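Below: the structure, in structure tokens.
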Amino acid sequence: MKNILFFILLMTIPLYGQVTFSEGTYIDNKDTSHQVLIKDLDWLNSPSEIIIKVDNIEKALPIKDVKEFSVNDKKYIRYTGNLEVSSQKINNISKDPNFIFDNRTVFLKEEYDGEVKLYSYKSDDFNNYFYSINNSPLELLLYKRYYIDSSGKTIYKNTYQNTLSKNFSCGNLKYSVNYTTNELTRFIDKYSSCKNFVKKDTKDSKIRNTKKFRITAGIAMNTPDFSIETRDYNVSSTNDGSSFGATLGLEYFLPINNNKWSLNADLNYINIESHSTGTVYNNVNIKLSEIQVLLNARHYMYINDGSRFFVSLGINTSIINPVLTEDFTQNYANYSDTYERNVAANFVYGIGYKYNNLGFDVRYFTNNRFISGQNLRGNFNLFSLRLTYDIFKF
């Protein structure tokens, strides 16, 4: 029952606190600028429309009605012209070495802003990059890869590198950059510096300057639920209350989706002592002291810049440390024995809330077999309440 209630709570949290509309601007076909709320989806692929909110009413604006829009640190412009549409997916790469063009109307994302501008178009199948110098017409940087019939070898047609060498000559710039947002943006940035061009802050520079790592420390209150199974399949349950532990974690924010996803590695120290009277055994005493390693992914739902809910899912295991003791002791008719701690991985679900650097979360550690013997098996799950603080960011 506790597992079901926790799962329901875990699924319910994402329904609350998720802010998707932000103040933004769009320009219509009459070059009129409109200040509105725009639904910021932090698009991985180029959108074909935007959703605005005016007087609490949501409305979808198709690309034909929007020349340009900006929201948060993102800017898109409408473009009508050729795209190079050859698939860049491994399983869809063709054997045709020729560029394939298609005239389309799409939104291009501004990746770099200055006297030189860089734009991108991204889809599930292919990416295109465009540049403009001093507001000149957009030029497509051409790239394609294809197979050779005889060997199946992949050939890269890096025409864009020749374009960079011809039109971006300055100093000792290297033109053998990859066809990716990061490498092209950095190349344009180096070229602008070489030419002493005025540069504006870009999304890429914001991402590089954002502190993506956090070291977190905290305390935890751990409540275990043990079950002991004998060779006769009699079960003795123990649950003597809670004990305190400590936690230390490293969090990395992925540079996608407005910092809503992170990867975490936590060290958790638990020290549990539990006692119960069994149905077959007179007394069951459990002492468990160890450090656990938890690797998990976390998704944030922002209320505002400083306040957010989150949910997490991870996998947990124990570190066997000679300094620590892990044993199980049973007593029956003046008989006792000690068992080694069985190490096994288990899943961990979590929900929580953070306000600036202070965090609180609830974690449920699923069933973990800590004793595995011929005559005896022991399992336990764990609820953990944690209070944490971000002690360092970099």
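Readers should treat all values here as calculations from the given coordinates under stated rules, not as data from a laboratory. This structure is a prediction, so every number in the text was calculated from the model and none was measured. Note that each Cβ is placed from the backbone with ideal geometry, even for glycine, and that neighbours are counted across all protein chains shown.
Worth a mention:
- Among 165, 289, the order by Cβ neighbours within 10 angstrom, fewest to most, reads 165, 289.
- Computed 3J(HN,Hα) for segment 179-194, one whole-Hz value per residue from the Karplus formula 6.51 cos²θ - 1.76 cosθ + 1.60 where θ = phi - 60°, is 8, 9, 4, 4, 6, 5, 5, 5, 4, 4, 5, 5, 5, 5, 5, 4, glycine and proline marked x.
- Estimated inter-spin distance, residue 366 and residue 193, nm [label 7 Å along Cα→Cβ]: 4.8
- Ordering 140, 173 from the fewest to the most neighbouring beta carbons within 10 Å gives 173, 140.
- Pairs over the 19 Å Cα-Cα cut-off, from the set 75/199; 39/67; 75/117; 190/393; 74/109: 190/393.
- Couplings 3J(HN,Hα) for segment 70-86, derived from phi with the Karplus relation 6.51 cos²θ - 1.76 cosθ + 1.60 (θ = phi - 60°), are 9, 8, 6, 9, 10, 9, 10, 10, 7, 9, 10, x, 6, 10, 8, 9, 4 Hz, where x marks Gly and Pro.
- Normalised convex hull volume, segment 84-204, alpha-carbon set, Å³ per residue: 113
- Estimated vicinal HN-Hα couplings, Hz - segment 51-64 in sequence order (Karplus 6.51, -1.76, 1.60; Gly, Pro = x): 10, 10, 10, 10, 6, 6, 10, 7, 8, 8, 10, x, 4, 5
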